[in-house]
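> Please find one structure pasted underneath; my questions will follow.
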Amino acid sequence: MKLGLGLFGTLRMAGLLAVAMAACPALAADSASPDVAMSLERSACYGSCPVYRVTIHGDGRVQFTTRTSPVHKVDAIHRQFSRSRGVLVSGTLEDRVSPEAAQALLAQFEAAGFWQLKDEYRAYVTDLPTQVITLAVGDRQKSVTDYDGRSAGMPLAAHDLEAAIDRVAGTERWVTGGPGLVPWLERNGFDFRSTGAAELAVNGEDDSADEATVLSLIDHGAPLDRPLTFRSRFAERTGAAGTMLMEASIRRGHAGVFARLAAAGWLDRLGKTKAAELLSRSAAGCSPALVDAAADAGVDIDYAVFDPREDDDDQGKTALAELAGTYTCREQEPARIQTADRLLARGANPNHRDKLGRTPLYGVENPQLLEVLLAHGADATVKSKNGRSMVFGSWTDAIVLRLLEAGASPVGRYDYDGKTLKQKAKASMPLVAQWLAAHPESFRR
């Protein structure tokens with residue numbers, strides 16, 4: 001759950017932030033400000049979409065708030081069921097950009113022909129967030145609603161205004177914990193030794209904060225021994241901030257945070273077995289640097305997870321095997337390959353068998369990853385406990401073909417539809433079908 005204004009501890013930003021800004025001329029409102037305002041509002045979705053409104057005034061004043069009303073009935077429904085508002089720092093916040101930046105943004109509105117746009121661009125889809133762009137100049141005001149607008153004819157130049165408003169306002173620092181967050185906190189007198197600082201570091205690392213931001217919060221004195229009750233994307237738990245940070249750093253693949261915490265004794269407090277389990281489940285955070293940091297700290301980087309509380313077919317998988325997952329690494333394929341390289345270089349077994357006797361070859365869909373495994377001695381002739389070869393972990397023509405060429409058996413059936421490889425190849429794998437026809441002896445493997 002995203003943390004609210006309570007994270008500002010003794011400052012209690014809901015009220016005292018206004019006092020701090022009144023005392024800070026750089027952030028005070030300009031009474032001679034031009035009558036211009038450019039706003040972006042983002043709604044909830046079926047998930048954890050960030051919910052906020054940000055306004056940039058012509059004189060450079062920036063106002064950001066998560067205290068918004070639903071933009072439509074679907075937004076209201078999503079808010080009821082969402083576990084998070086998707087924003088790291090909630091409440092009503094302020095800052096300032098240069099008037100020149102605001103003027104350049106206004107020029108972008110004019111170049112996009114904003115006044116001539118339709119009031120709404122709405123596609124016939126569901127579960128997406130809504131964006132509302134508003135421009136006010138004097139008494140004239142116009143709002144444009146974007147609901148998958150590009151699919152409904154919204155011009156690209158108009159759609160690009162959303163990212164431009166975020167960029168100029170610097171909303172990333174408040175939404176995800178981007179590089180500008182700590183400097184903004186410093187300018188506003190934030191107590192970096194408060195419980196709120198510990199909560200901010202944990203919440204940011206648990207979600208999508210920049211690693212440098214988390215390290216900076218630690219360096220500024222966030223009290224890692226402070227006990228917290230914290231609800232994350234995964235579960236609600238209670239413990240020391242340092243322990244929670246250590247867990248999150250492994251999932252995120254943040255080697256710098258991991259190393260800093262390990263040097264301060266938090267790895268020992270978490271336990272190396274627990275760290276090894278997290279490393280395996282998260283595929284080493286898809287981070288080759290984390291593999292090295294963990295191995296150097298004495299964590300088993302080839303640990304096989306067996307959880308007696310779970311009864312599924314994925315028991316006994318290692319980090320190397322987890323890398324085969326389609327959604328692992330968030331489609332960052334170079335990171336997937338580099339992490340596999342480091343795991344193998346640090347001693348991971350390419351032929352480790354899971355609960356069902358499958359090796360890391362099973363389920364691989366990335367051709368480069370497959371070649372890395374084979375080059376490091378992965379045995380394509382291995383069969384699972386029920387006698388099924390590793391080709392039945394894929395239905396991608398090129399992957400199955402390469403496994404067959406490396407010695408895998410074509411004998412068996414797919415779990416999901418009961419078809420043989422020959423039947424499947426005839427329907428959707430022409431290269432495999434051609435290879436099987438040319439190698440009838442392979443059915444004796």
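> Inspect region 242-256 for any residue being surrounded by fewer than 24 Cβ atoms within 10 Å (Cβ to Cβ) and over 22 Å from Ala276 (Cα atoms) and give the result as yes or no.
There is no residue in region 242-256 that is surrounded by fewer than 24 Cβ atoms within 10 Å (Cβ to Cβ) and over 22 Å from Ala276 (Cα atoms).
> I'd like the full set of residues that are over 19 Å from Glu199 (Cα atoms) and of a type in the set (A, V, I, L, M), limited to region 240-261.
Ala255, Ala259
> Conditions: (1) within 15 Å of Ala284 (Cβ to Cβ); (2) at pLDDT below 95; (3) surrounded by fewer than 22 Cβ atoms within 10 Å (Cβ to Cβ). Ala324 meets all but one. Number of the miss?
(3)
> On the basis of being among the hydrophobic types (A, V, I, L, M, F, W, C), within 16 Å of Ser280 (Cα to Cα) and surrounded by 15 or more Cβ atoms within 10 Å (Cβ to Cβ), does Leu344 make the cut?
When the stated conditions are applied, Leu344 passes them.
> Oh, and also: If we keep just the residues of region 211-228 that are assigned to a helix (DSSP H, G or I) and of a type outside the set (Val, Ile, Thr), which is surrounded by the fewest Cβ atoms within 10 Å (Cβ to Cβ)?
Asp219
> Name the residues in region 103-136 that are at pLDDT below 95, surrounded by 15 or more Cβ atoms within 10 Å (Cβ to Cβ) and in contact with an Asp or Glu (Cβ under 7 Å, 6 or more places away or on another chain), would you?
Ala123, Leu128, Thr130
> Scan the helices (runs of 4 or more DSSP H) fully inside region 321-422 and keep the ones with 3 or more residues being farther than 30 Å from Ser208 by Cβ, out of contact with any Phe, Trp or Tyr (no Cβ under 6 Å at 6 or more places or on another chain) and free of Cβ contacts under 8 Å to residues at least 12 places away in the same chain.
none
> What are the pairs, 6+ residues apart or on separate chains, where a residue within region 60-74 that is closer than 14 Å to Pro129 by Cβ has its Cβ under 7 Å from a residue that is surrounded by fewer than 18 Cβ atoms within 10 Å (Cβ to Cβ)?
Listed pairs, sorted by first residue: Pro70/Ala76; Pro70/Arg79.
> Here's another thing I want to ask about it. Search region 121-149 for residues that are within 18 Å of Ala44 (Cα to Cα) and of a type in the set (Val, Ile, Thr) and pair each with any residue that is in a loop (DSSP other than H, G, I, E, B) and modelled with pLDDT of 95 or more when their beta-carbon atoms are under 6 Å apart and the residues are at least 6 apart or on different chains.
Filtered contacts from region 121-149: Val144/Leu117.
> Tally the residues that are of a type outside the set (Gly, Ala, Ser), surrounded by fewer than 16 Cβ atoms within 10 Å (Cβ to Cβ) and either on the phi > 0 side of the Ramachandran plot or touching a His at 6+ places or on another chain (Cβ under 7 Å) (or both), restricting the search to region 147-204.
1
> Consider Asp95 against the criteria (1) outside any loop (DSSP other than H, G, I, E, B); (2) modelled with pLDDT of 90 or more; (3) closer than 22 Å to Asn203 by Cα: it satisfies all of them except one. Which criterion is unmet?
So Asp95 meets the others, but not (3).
> Further, regarding this structure: Of all residues in region 181-208, which are at pLDDT 95 or above, under 24 Å from Thr238 (Cβ atoms) and assigned to a loop (DSSP other than H, G, I, E, B)?
The answer is Asp191, Phe192, Arg193, Ser194.
> Residues being closer than 18 Å to Ala222 by Cα, of a type outside the set (Ser, Thr, Tyr), in a helix (DSSP H, G or I) and touching a residue at least 24 places away in the same chain (Cβ under 8 Å): count how many of those fall in region 239-286.
17
The values are calculated or read from the model by the stated rules, or taken from the named source; none is laboratory data. Predicted model, so just to flag it, every value in this text is computed and none were measured. Neighbour counts are summed over all protein chains in view; Cβ atoms, including those assigned to glycine, are modelled from backbone coordinates with ideal geometry.
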